1. Based on this model, can you work out whether residue 29 counts as surrounded by 24 or more Cβ atoms within 10 Å (Cβ to Cβ) and either within 30 Å of residue 363 (Cα to Cα) or within 16 Å of the ligand (Cβ to nearest atom) (or both)?
2. Where residues in the range 32-69 are among the hydroxyl-bearing types (Ser, Thr, Tyr) and under 25 Å from the mean Cα position of the chain (by Cα), which of them is surrounded by the fewest Cβ atoms within 10 Å (Cβ to Cβ)?
3. Regarding the range 160-167, can at least one residue be identified that is surrounded by 19 or more Cβ atoms within 10 Å (Cβ to Cβ), farther than 21 Å from residue 204 by Cβ and away from the ligand (no atom under 15 Å from the Cβ)?
4. Which pairs have Cβ atoms under 6 Å, sit 6 or more apart or on different chains, and link a residue in the range 116-129 that is within 13 Å of the ligand (Cβ to nearest atom) to one that is modelled with pLDDT under 95 and not acidic (Asp, Glu)?
5. Out of (1) more than 16 Å from the ligand (Cβ to nearest atom); (2) hydrophobic (A, V, I, L, M, F, W, C); (3) under 20 Å from residue 54 (Cα atoms), what's the single condition that is false for residue 269?
6. Can you go through 392, 403 and tell me which one is in a helix (DSSP H, G or I), under 12 Å from residue 331 (Cα atoms) and of a type in the set (Lys, Arg)?
7. Could you grab me the full set of residues in the range 133-165 that are over 18 Å from residue 179 (Cβ atoms) and in contact (Cβ under 8 Å) with a residue 60 or more places away in the chain?
8. I'm checking my understanding of the structure. Among residues of the range 342-368 that are among the charged types (D, E, K, R), surrounded by fewer than 23 Cβ atoms within 10 Å (Cβ to Cβ) and touching a residue at least 12 places away in the same chain (Cβ under 8 Å), which one is farthest from residue 278 (Cα to Cα)?
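The values are calculated or read from the model by the stated rules, or taken from the named source; none is laboratory data. Bear in mind the structure is a predicted one, so any value in this text is a computation, not a measurement. Neighbour counts run over all protein chains shown; Cβ positions are idealised from the backbone, glycine included.
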Amino acid sequence: AQSLADADPQLASAISKEIQRQQTQIELIASENIVSRAVLEAQGSPLTNKYAEGYPGRRYYGGCEFVDIAEELAIERAKKLFGAAYANVQPNSGSQANQAVFLALLKPGDKILGLDLSSGGHLTHGARPNLSGKWFEAHAYGVREDNALIDYDKLREQAKEIQPQMIIAGGSAYPREIDFQAFRDIADEVGAYLLVDMAHFAGLVAGGVYPNPVQLADVCTTTTHKTLRGPRGGMIISRDEALGKKFNSAVFPGLQGGPLMHVIAAKAVAFGEALRPEFKAYAASVIENCRAMSGALVEAGYDIVSGGTDSHLALVDLRPKSLTGDISEAALERAHMTCNKNGVPFDPEKPTVTSGLRVGAPAGTTRGFGAAEFRRVGEMMAEVLDALAVNRDGDAEVEARVRDEVIELCERFPIYPALG
Ligand code: PLP
């Protein structure tokens, strides 16, 4: 019964440094969050030892009665959270959830129509290097040049011309509400399945502050680790139990083997947390906080793509300051604010450079930051970036001063105090 520190000091040290990094940096990556101690405990439990191929009550291994409880809890809570008739909590990731939906509903060579990567779409929605772009005839719709909102008129025209078997809504860097009814209507007009990938905004849907696509889509996929604040993983939900049977077969035995029962247990814990009234307040604060942060950036002369946000994320357009995303991300990291470079729609820069930054409020809100703290985060970002615009190597003095203030702020809102 050796502790990790005794058994493997090298690894223990890496974990300890990562915990310290999370404790002392402001996490602005829109796809990340900070899970509760209860979620960590479930995920770190001996359920990791168990093979449980199959589904609750229908397993290919003995000894599954207790992991069945965990999976049933996760399924029931997921259905309740989103008003769904069906849930599969076994996908190991958001990507695998999408692949399982493709496996269930499409054949190789079928046509799919998803949001362009450069307009905020995800790799798994038909990007060339991804399986979805290689095995299907992938087409992309985009956003309007004048307001950066999804161009629904053009989407309808494209759908009529292409006649896709599946239309995919949702993305990784689209800050606004999505008109799911418009997607449904267009899908019906051309006889396509509608998949809504709600990976990014699932927690906002669960919290009742973003439109719920479940009754409009044929199927929804999500990750469980972003705004939903659970362990790293994926999930498929649907209003349609009959289609659900196909998704079950596609996940197992179609795509995966033994489900990660410790992760499924942690999903159940997180969904239980999301069903509580506090989570509604959390979700509302995430949006308010993201607006406070982006408002401060606008006041400092930065552009926010589409002029604002309806969600947990905002896209900062750095072009008014002649900055690029790559050096901006690095400068902010030196000041202990972690975010990612991101292309803006119609970005003239390469994807490795970009003209933008994606920032999000889910993690900071979890650690207790309110609108005042997020406004200050926006101001501090602007201080670092303004200095970078003057000196492309970064202004060490400004960065050090901001870093000190960031660390102080993090200390006022501690995370994982029991973990050192
Ligand atoms: N779908 C969307 C919209 C995403 O943003 C992501 C993750 O970034 C995924 C799917 C993939 O999730 P994972 O990283 O768990 O494979």
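1. no
2. 48
3. Yes, the range 160-167 contains at least one residue that is surrounded by 19 or more Cβ atoms within 10 Å (Cβ to Cβ), farther than 21 Å from residue 204 by Cβ and away from the ligand (no atom under 15 Å from the Cβ).
4. Between residues of the range 116-129 that are within 13 Å of the ligand (Cβ to nearest atom) and residues that are modelled with pLDDT under 95 and not acidic (Asp, Glu), the close pairs are 127/117.
5. (3)
6. Unique residue meeting the criteria: 403.
7. Result: 145, 165.
8. In this case the residue turns out to be 349.
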